[in-house]
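Asker: First the structure, then my questions, so here it is.
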Amino acid sequence: MRKKRWIECLLVVGLIVLGGWAYQTRQVNKANMTITAVGSTALQPLVEAAGEDYSTHHLGTFINVQGGGSGTGLSQVQEGAVDIGNADIFAEEQKGIKANRLQDHKVAVVGITPIVNQSVGVHQLTTTQLINIFTGKVRNWSQVGGNNQKIVILNRAQGSGTRTTFERFGLKNHRSIAAQEQDSSGMVRQIVSTTPGAISYVGFSYVDKSVQAVSLNGVAPTNQNVASNKWSIWSYEHMYTSKTPQPLAQRFIKYVQSRQIQNSLVRRLGYISMADMNVTRDGQGRVHKVEASHE
Amino acid sequence: MNSKVSNQIAIATLYVIASTIVVILAALLGYIIISGLPALSWHFLTSPAKAFTAGGGIGIQLFNSFYLLILTMIISFPIALGAGIYLNEYAKQNWLTSLVRTAIEILSSLPSVVVGLFGFLVFVVQFGFGFSILSGAFALTFFNLPLLTRSIEEALAAVPDEQREGGLALGLSKWETVLHIIVPAALPTILTGVILSAGRIFGEAAALIFTAGQSAPALNFTDWNPFNISSPLNPMRPAETLAVHIWKINSEGIMPDAKAISSGASAVLVISVLGFNLLARFVGHRLFKRLTAG
Amino acid sequence: MNNKLQKQLLKRSKAAKLERLGKTVSFLALMLITVTVFAIIIFVASKGLATFFSNRVNIIDFLTGKDWNPNVTNSKGQPEVGALPMISGSFVVTILSALLATPFAIGTAIFMNEISPHRGAKLLQPVIELLVGIPSVVYGFIGLTVVVPAIRSIFGGSGFGILAGTFVLFVMILPTVTSMSVDALRSVPRYYREAALALGATQWQTIYKVVLRAATPGMLTAVVFGMARAFGEALAVQMVIGNAALLPTNLVSPASTLTSVLTTGIGNTVMGSLQNNALWSLALVLLMMSLIFNLVIRMIGRKGAMSK
């Protein structure tokens, strides 16, 4: 009994000493070497990859990237719980966010295109046809020049950035009828590719051979057409900070906006680089030509 | 005669039903393992995940799952043991006890999404733990407590009253009886309960998405100092677990081999749970034998 | 051993102290759980009720409205937060999966306990424990890759919908209902069976007329418990049901449940906004339902105890 006590005491003391030693010998970081970015799942891969890059170039820094959705990102950065809030939409578009308290940093552009199942036999539509489809006025593909097949609408979740952008610029502010909803682009593509008659919309980077991208009014969904705003369904990817951002957050965002990342990671992940854009667009949807463009 | 025939029919039907269940499980397991097996390799099990290129593994997620499991158990087992002991040994039959029991039942039927969101607001935001293993472990503790408490309580209740009377007759206090006689006697059952709940924790995703987070930063496996940010032992780092990883790549995965990864990860997950089950039976049997023989 | 006991016996005051300490500590553990539960309930309630008090949504409109568009205000100037599609979706999948699972679960339980206890213990017990252990994301993954395509090829449409959700939930609640039914059967005293057999009843007659009757309250509890689980299940259902906020009209068109709308929506809303509060109101409905399920279980238990 006595002996056992001794051993227990020794163990506890040993653990405390070990803990103290570990604490003393920890890597002493300069303060604020960790930042957290939360939000849009669409932007997550880019920020994650850029963060890994940044960490390998700046040892001891740590960029922690989380998904959770644009709404979460914006509300977290507004409350000061995280350093960066990633969002697919302007803060002004999100209900419950005081946009004037946040600093917008645009890091990339993403084009969004309607996609359909391979079997519907439609390669292009007009905006009116698209609106008719999503508002339920047209219910069969034969009415818009396709095969005799029922139209199956698939939406992104309410409030998702992709849906907001699509309804605003693709459907000209018409609201889609209630239909099946999925909360991610990967799932949307998978469902469209396997469901006869399905139509939905995804970012350009999600389009592959399994689905058919649709041209609108004769304009094909390409990066060039987005750059000139001929294809109007696109949105910025934003990294929001507070008005007085944390220094590391600021440096990291600068890094993401740098030519190096814009030309490598941003393109490889299927985004359109900010440098390629010939126009800018603000939160109200007003489009301006870029004055000093490279042409 | 008639009743004999109906007897035969009924029993045959029961055989069919029972074998259907076995077939369902066999089909499930077979499907998961056969579709996942081609993806499994040493490389897959040990290398970190890739964000958008092929060839990523699940090494870090696997480690995170185990680490989170151990932390959760360290937090929840003492609480569940205490609660189980009180409920079975001390609690009187009154309104308070019945209220507490109801509370535990409610907690056990609470959707894990709700538990996760509660954990997100309280631990991640309010307490400032951020997306971290610690937040995840607390959320999982909520999720785990009711089941663990119940299984411990049942294990204790299964110990015959003679044992208690024996202890008290020897002049031991009630607490000593519980600690030295009842708990050891119930140990095999308790352990089985613990290991089975470990399987559940291992596969939980909904409670972790908003607490332990959805990213698995690279770890330095030579650094075991828990105060370093890249150390695997650091409880304050974000940690995507295997189950969360499966959910994420099924919904957001843009790597070309997403399907292979998710079936591989599912196979690993199911094999782990299988392992926990086998372990539970083995340990339970072994302990029971030792305790009853010695 | 004797020595140890003697010592412990002599130090009486210490044992009493220890007794007190042990009792307090274990009581505190229990209280911690209870307090947590109430914290969660209060928290969900305060968030969920905000929709009705601070956003002034009529509670009747919320429960009976058919349109779920929290971003949009309707003609009356109120946001469109009708939860009826989700509430009915949740109920339909829950009831259907319970209807499907009950015969299988009870049949298996009878098989395990009455017909072939040996095989029951050796084969079925591990099978059921394994089914409990399979994570819900894996069920969802299988539902997505096997069940949904199968339904699509048989019934057409997208394959997502109540039927797919029912199948996934059926497999998920099966083990819970089965193992609780086994417990219920096990608690039927042996002499009931012996008496029936001695009277010349066949095995099935014994089971059907005696054992099942005696175990009815326990089995009802098992089924209600399974329903509670099905009602609260989130990820697996969300992956296969299609998440369309429409009143379910048939089994193979997309529908939604409370949990599926909750999980898809919560990341896209801002804490404190109406959209977010409306989702918390859904969580509150979930919570109320699990309270009601609990009450039902208790009532069954009490009735069962009285009739014994």
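Nothing in this text is a laboratory measurement; each read-out follows from the coordinates by a stated rule. Here the structure is a predicted model, which is why all the values come from computation and not from measurement. Glycine gets a Cβ as well: all are built from the backbone with ideal geometry, and neighbour counts include every protein chain shown.
Asker: For chain C, what is the calculated [θ] at 222 nm in deg cm²/dmol (nearest 500), taking -39500 (n - 2.57) for each run of four or more DSSP H residues and dividing by its residue count?
Answerer: Calculated from helices alone, the mean residue ellipticity at 222 nm is -23000 deg cm²/dmol.
Asker: Then there is this: Place a +1 charge on the Cβ of each Lys and Arg in segment B:170-250 and a -1 charge on the Cβ of each Asp and Glu, then give the dipole magnitude about the Cα centre in debye, rounded to the nearest 20.
Answerer: 120 debye
Asker: Still on this structure, I have one more. Kindly write out, for segment A:5-18 in residue order, the coupling ³J(HN,Hα) from the Karplus curve 6.51 cos²θ - 1.76 cosθ + 1.60 (θ = phi - 60°), rounded to whole Hz, with x marking Gly and Pro.
Answerer: 3, 4, 4, 4, 4, 4, 4, 4, 4, x, 4, 4, 4, 4
Asker: OK, next. Amide H neighbours of A:Val202 under 5 Å, counting only residues 5+ apart in sequence or on other chains, H built in-plane at 1.01 Å?
Answerer: A:Thr113, A:Ile115
Asker: Normalising by the residue count of chain A, find the relative contact order in percent from Cα pairs under 8 Å and 6+ residues apart.
Answerer: That works out to 23 percent.
Asker: Compare C:Ala109, C:Ala29, C:Ala278 in a GNM of chain C, Cα atoms joined below 10 Å, and give the one with the largest fluctuation.
Answerer: Looking only at C:Ala109, C:Ala29, C:Ala278, the biggest GNM fluctuation is shown by C:Ala29.
Asker: What are the ³J(HN,Hα) couplings of segment C:66-71, residue after residue, when phi is run through the Karplus curve with 6.51, -1.76, 1.60 and θ = phi - 60°? Round to Hz, x for glycine and proline.
Answerer: My calculation for segment C:66-71 gives 9, 10, 10, 9, x, 6 Hz in order.
Asker: In terms of Cα to Cα distance under 16 Å, which aspartates and glutamates are near enough to C:Lys4, apart from those fewer than 8 places away along the same chain?
Answerer: The reachable aspartates and glutamates, counting only those whose Cα sits under 16 Å from C:Lys4, are B:Glu176.
Asker: Amide H of A:Ile89 versus every other amide H placed in the peptide plane: which residues, excluding those fewer than 5 positions away on the same chain, fall under 5 Å?
Answerer: The answer is A:His238.
Asker: Would you mind giving the mean number of other chain beta-carbons within 10 Å of the Cβ of each residue in B:9-15, as a whole number?
Answerer: The mean count of partner-chain Cβ atoms within 10 Å per residue comes to 6.
Asker: Just to be sure I understand the model, the point goes 7 Å from the Cα along the line to the Cβ. What's the resulting B:Thr97 to C:Ala198 distance in nm?
Answerer: Spacing of the two 7 Å Cα→Cβ label points: 3.5 nm.
Asker: Still on this structure: Starting from the Cα-Cα distance between A:Lys95 and A:Asn173, subtract it from 0.36 nm times their residue separation and give me the gain in nm to one decimal.
Answerer: Extra length available between A:Lys95 and A:Asn173 comes to 26.5 nm.
Asker: Still on this structure, I have one more. Would you mind getting me the FRET efficiency between C:Ser153 and A:Tyr23? Use the beta-carbon distance for r and R0 = 56 Å, nearest 0.05.
Answerer: Here the calculated transfer efficiency is 0.40.
Asker: When ranked by the protection proxy of mean other Cβ atoms within 10 Å per residue, highest first, what sequence do the peptides C:236-243, C:146-153 form?
Answerer: C:236-243, C:146-153
Asker: Quick one: net charge around C:Ala109, please, counting Lys, Arg +1 and Asp, Glu -1 for every other residue with C-beta under 13 Å from its C-beta.
Answerer: -1
Asker: Let me ask something else. Over chain C, what is the mean sequence separation of C-alpha contacts under 8 Å (at least six apart), divided by residue count, expressed as relative contact order in percent?
Answerer: RCO, chain C: 24 percent.
Asker: Could I ask something else about it? If amide H atoms are built 1.01 Å from N in the plane of the peptide, which residues on other chains or at least 5 residues away come under 5 Å of the amide H of A:Gly68?
Answerer: Placed amide hydrogens put A:Gly39, A:Thr41 under 5 Å from A:Gly68.
Asker: Taking springs between alpha-carbon atoms closer than 10 angstrom, which of B:Ser151, B:Ser19, B:Ser173 fluctuates most in the Gaussian network model of chain B?
Answerer: Evaluated over chain B, the most mobile residue of the options is B:Ser19.
Asker: Moving to a separate point now. Setting aside same-chain residues fewer than 8 positions from C:Lys209, which aspartates and glutamates have a Cα under 18 Å from its Cα?
Answerer: C:Glu114, C:Glu194
Asker: Along Cα→Cβ, 7 Å out, is where each label goes; now give me the distance between the ones at C:Ile42 and A:Arg286 in nm to one decimal.
Answerer: Inter-label distance under the simple model: 5.0 nm.
Asker: Here is a follow-up. Straight distance only, please: which lysines reach the Cα of C:Lys122 with their own Cα at less than 26 Å, same-chain residues fewer than 8 apart left out?
Answerer: Once the sequence-local lysines are set aside, what remains near C:Lys122 is B:Lys289.
Asker: What does the helix-only formula give at 222 nm for chain B: each DSSP H stretch with n ≥ 4 adding -39500 (n - 2.57), the total divided by the residues, and the result rounded to the nearest 500 deg cm²/dmol?
Answerer: Dividing the helical sum by the residues of chain B leaves -22500 deg cm²/dmol.
Asker: In the Gaussian network model of chain C, springs joining C-alpha atoms below 10 Å, which of C:Trp280, C:Trp204, C:Trp68 carries the largest mean-square fluctuation?
Answerer: Maximum fluctuation in the GNM of chain C, among the listed residues, is at C:Trp204.
Asker: Right, something else. Just to confirm a number: summing +1 for Lys and Arg and -1 for Asp and Glu over residues other than A:Leu74 whose beta-carbon lies under 15 angstrom from that of A:Leu74, what do you get?
Answerer: Computed value for this residue: -2.
Asker: Here's something else I'd like to know. Go through A:Lys4/C:Lys14; B:Lys4/C:Lys303; A:Lys95/C:Lys47; A:Lys106/A:Lys172; A:Lys106/B:Lys248 and tell me which ones have a Cα-Cα distance over 27 Å in this structure.
Answerer: Over 27 Å Cα-Cα: B:Lys4/C:Lys303.
Asker: Given R₀ = 60 Å, FRET efficiency for C:Ala16-C:His118 by Cβ-Cβ distance, to 0.05?
Answerer: My answer for the efficiency is 0.75.
Asker: How many partner chain Cβ atoms sit within 10 Å of a residue's Cβ in peptide B:22-33, on average, as a whole number?
Answerer: 4
Asker: What ³J(HN,Hα) values, in whole Hz, does the Karplus curve 6.51 cos²θ - 1.76 cosθ + 1.60 give for segment A:162-169 when θ = phi - 60°, with x put for Gly and Pro?
Answerer: Calculated HN-Hα couplings, in order: 4, 5, 4, 5, 5, 5, 6, 9 Hz.
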